[in-house]
1. Filter the stretch 284-332 down to the residues that are assigned to a strand (DSSP E or B) and open to solvent by less than 50 Å² (accessible area, probe 1.4 Å) and list them by number.
2. Which residue, of 245, 218, is within 27 Å of residue 152 (Cα to Cα) and at pLDDT below 95?
3. Residue 274: open to solvent by less than 40 Å² (accessible area, probe 1.4 Å), touching a strand residue (DSSP E or B) at 6+ places or on another chain (Cβ under 6 Å), over 20 Å from residue 103 (Cα atoms) and in contact (Cβ under 8 Å) with a residue 24 or more places away in the chain, yes or no?
4. If you check every pair at least six apart or on different chains, which have Cβ atoms under 6 Å apart with a residue in the stretch 133-155 that is modelled with pLDDT under 95 first and a residue that is basic (Lys, Arg) and surrounded by fewer than 24 Cβ atoms within 10 Å (Cβ to Cβ) second?
5. Of all residues being hydroxyl-bearing (Ser, Thr, Tyr) and under 21 Å from residue 292 (Cβ atoms) in the stretch 218-261, which is least open to solvent (accessible area, probe 1.4 Å)? Just the residue, please.
6. Return the total of residues in the stretch 234-263 being within 27 Å of the chain's Cα centre (by Cα) and part of a loop (DSSP other than H, G, I, E, B).
7. Condition first: more than 12 Å from the chain's Cα centre (by Cα) and at pLDDT 90 or above. Now tell me which residues in the stretch 288-308 satisfy that.
8. Can you go through 146, 128 and tell me which one is crowded, with 21+ Cβ neighbours inside 10 Å, in a helix (DSSP H, G or I) and of a type in the set (A, V, I, L, M)?
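The values are calculated or read from the model by the stated rules, or taken from the named source; none is laboratory data. Treat the numbers as computed from the prediction; the structure is a model and nothing was measured. Cβ sites come from the backbone with ideal geometry, for glycine too, and all protein chains shown count toward neighbours. Ligands, DNA and RNA are excluded from the accessible area calculation, which covers all protein heavy atoms including side chains. Shrake-Rupley method; radii C 1.70, N 1.55, O 1.52, S 1.80 Å.
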Amino acid sequence: MEEKLQMVRKIVPDLTEELVKRYRILKTVRLLEPCGRRLVVISLGMTERTVRSEIEKLNAQGLVKVSKTGMSVTEDGLSVLENLSDLFSSLTGMSELEEKVREILGAQRVLLAQGNSDESDRTVKEMAQIGARVLLENMRRSSRIAITGGTTMAALVEAMPYTAVQKAEMVLPARGSIGRKLELQADTLAAKLAEKAGADYRMLHLPDNLSANVLEEMKSEPEVAETIDELKRVDILLLGVGDAMEMAEKRRLDNDTCKLLRQEHAVAEACGYYFNHKGEVVYETNSIGVDFEEVHRMEHVIVSAGGKKKAASLLALSKSMSNAVFIMDEGAALEMLRLAGL
């Protein structure tokens, strides 16, 4: 396949450039629909004239529909996007980059979204759609899913379609909730995902970082005990990853703990656990949730994080995540290659 593509590039380089450009515009409309031309221009950094010209062609081919509410992709357009996905990845070098990052991480699989999610909402939405697709591919009616909180997981849940049939048995929050934004908390996301998957759900209704005494008391509460028991049976984990010190601030950890994290060179946080660059757990918050020592037994672990600044965090987490599918963006992937000296 790759050899044939190289030959295509040699004989008709202009054609491959046109294909890549048009595919990117079509995919961007799909991610942002309904949307106007201006939003596509900003997302891709192309000129308005180029986008207008290409949209007219896509519209004439029946791949994009233009209406008063904005542009959207037709059924034929969706078919084109799906069937040309592998070809596009090869033409743009994305598949090669995915393989390089997979080798660095030692992961089961790596899937990349175009761009840098620190700079583009389009990239965030593409990562979310990739995550939703991977989840749909792996979930079954008996699945028990745990999900963490945060913006990345919230986008993934938003990208999940509603289903008319039951797709999973149970959805649970992977950890206690943090922050003041209810819509980003694990409890809320678990309930929304369960609704879309036609599944049952449980909530923890607990703040993160409880005192040891309160934590033990809460564990004896029937509803909490039932949720803990369900968490032990989770077979799919949806895991967001954060920068250690940023998450320490969000969790309002005390000064002594923050000092400890700096001394231990903590670079990543996931599910209440803090990791150094070797992937060693250097601190764990007092909360109820998924036990990280149990992650290796889970059938599917889907890790998702984007942006250049998340590269070090993803590298650290990968040390204990060989069974995971990593979903990230080009920003994180290219920075990872730089950190690895490649």
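1. Within the stretch 284-332, 300, 301, 302, 303, 304, 324, 325, 326, 327, 328, 329 meet the criteria.
2. Details: 218 fails: within 27 Å of residue 152 (Cα to Cα).
Testing whether each residue is within 27 Å of residue 152 (Cα to Cα) and at pLDDT below 95 leaves just 245.
3. Spelling it out, residue 274 is indeed open to solvent by less than 40 Å² (accessible area, probe 1.4 Å), touching a strand residue (DSSP E or B) at 6+ places or on another chain (Cβ under 6 Å), over 20 Å from residue 103 (Cα atoms) and in contact (Cβ under 8 Å) with a residue 24 or more places away in the chain.
4. Correct list of pairs: 139/167.
5. So, considering only residues that are hydroxyl-bearing (Ser, Thr, Tyr) and under 21 Å from residue 292 (Cβ atoms), the one least open to solvent (accessible area, probe 1.4 Å) is 227.
6. Total satisfying the criteria: 6.
7. Hits for the stretch 288-308 are 298, 299, 300, 308.
8. On the way: 146 fails: in a helix (DSSP H, G or I).
Result of the check over 146, 128: 128.
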